[in-house]
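K.L.:
Got a structure for you, written out below as structure tokens; questions coming shortly.
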């Protein structure tokens, strides 16, 4: 079974995962663009019982377009988001793919909010696409 380690920039906050993600997605909504400082956020969702967290996090809660809350956990020292919790999907933790710093991480299989995507971004053709 595969194991991966996601961490913040300074290494204080980590998420050790066992097994493959149940979903890998990209989101170019304006909130994800602002949160990541990039043109989209990319996350991998894992069953909560497959994730071991270590370190101290600070939390930021954001209300999404449909009204559900997302609890982002980031390092209070360097500011990197290491994991987040999705209201209504409490059995999972989402981890930004960049936190793994693994160029061989699998490609996203889902692309959402594509109407907000920068025109030059091209998600994988075989991904599920949602406007």
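K.L.:
In region 27-36, which residues are out of contact with any helix residue (DSSP H, G or I) (no Cβ under 6 Å at 6 or more places or on another chain), surrounded by 15 or more Cβ atoms within 10 Å (Cβ to Cβ) and not in a strand (DSSP E or B)?
P.N.:
Selection gives 31, 32, 33, 35, 36.
K.L.:
If I ask for residues that are touching a helix residue (DSSP H, G or I) at 6+ places or on another chain (Cβ under 9 Å), part of a strand (DSSP E or B), more than 14 Å from residue 16 (Cα to Cα) and in contact (Cβ under 8 Å) with a residue 24 or more places away in the chain, which ones from region 71-91 would you list?
P.N.:
Across region 71-91, the qualifying residues are 72, 81.
K.L.:
Also, I was wondering about something else. Within the set of pairs 6+ apart or on separate chains, which have a first residue in region 106-125 that is on the phi > 0 side of the Ramachandran plot, a second that is surrounded by 12 or more Cβ atoms within 10 Å (Cβ to Cβ) and in a loop (DSSP other than H, G, I, E, B), and C-beta atoms under 8 Å apart?
P.N.:
113/28; 113/29; 113/130
K.L.:
Can you find a residue in region 2-13 that is touching a residue at least 12 places away in the same chain (Cβ under 8 Å), surrounded by fewer than 16 Cβ atoms within 10 Å (Cβ to Cβ) and under 12 Å from residue 96 (Cα atoms)?
P.N.:
Within region 2-13 (the criterion being touching a residue at least 12 places away in the same chain (Cβ under 8 Å), surrounded by fewer than 16 Cβ atoms within 10 Å (Cβ to Cβ) and under 12 Å from residue 96 (Cα atoms)), the answer is yes, since at least one residue qualifies.
K.L.:
Is at least one residue of region 44-59 on the phi > 0 side of the Ramachandran plot, part of a loop (DSSP other than H, G, I, E, B), in contact with a strand residue (DSSP E or B) (Cβ under 8 Å, 6 or more places away or on another chain) and surrounded by 15 or more Cβ atoms within 10 Å (Cβ to Cβ)?
P.N.:
Yes, region 44-59 contains a residue that is on the phi > 0 side of the Ramachandran plot, part of a loop (DSSP other than H, G, I, E, B), in contact with a strand residue (DSSP E or B) (Cβ under 8 Å, 6 or more places away or on another chain) and surrounded by 15 or more Cβ atoms within 10 Å (Cβ to Cβ).
K.L.:
How about region 14-23: which of its residues are surrounded by fewer than 21 Cβ atoms within 10 Å (Cβ to Cβ) and outside any loop (DSSP other than H, G, I, E, B)?
P.N.:
14, 16, 18, 23
K.L.:
Also, I was wondering about something else. Need the failing condition index for residue 24 against (1) more than 18 Å from residue 90 (Cα to Cα); (2) out of contact with any helix residue (DSSP H, G or I) (no Cβ under 6 Å at 6 or more places or on another chain); (3) touching a residue at least 40 places away in the same chain (Cβ under 8 Å), just the number.
P.N.:
(1)
A short reminder: the numbers here are calculations on the coordinates, not readings from a lab. The structure presented is a predicted model; accordingly, all values stated were derived computationally and were not measured. In this analysis, Cβ positions are derived from the backbone assuming ideal geometry, glycine residues included, and neighbour counts consider all displayed protein chains.
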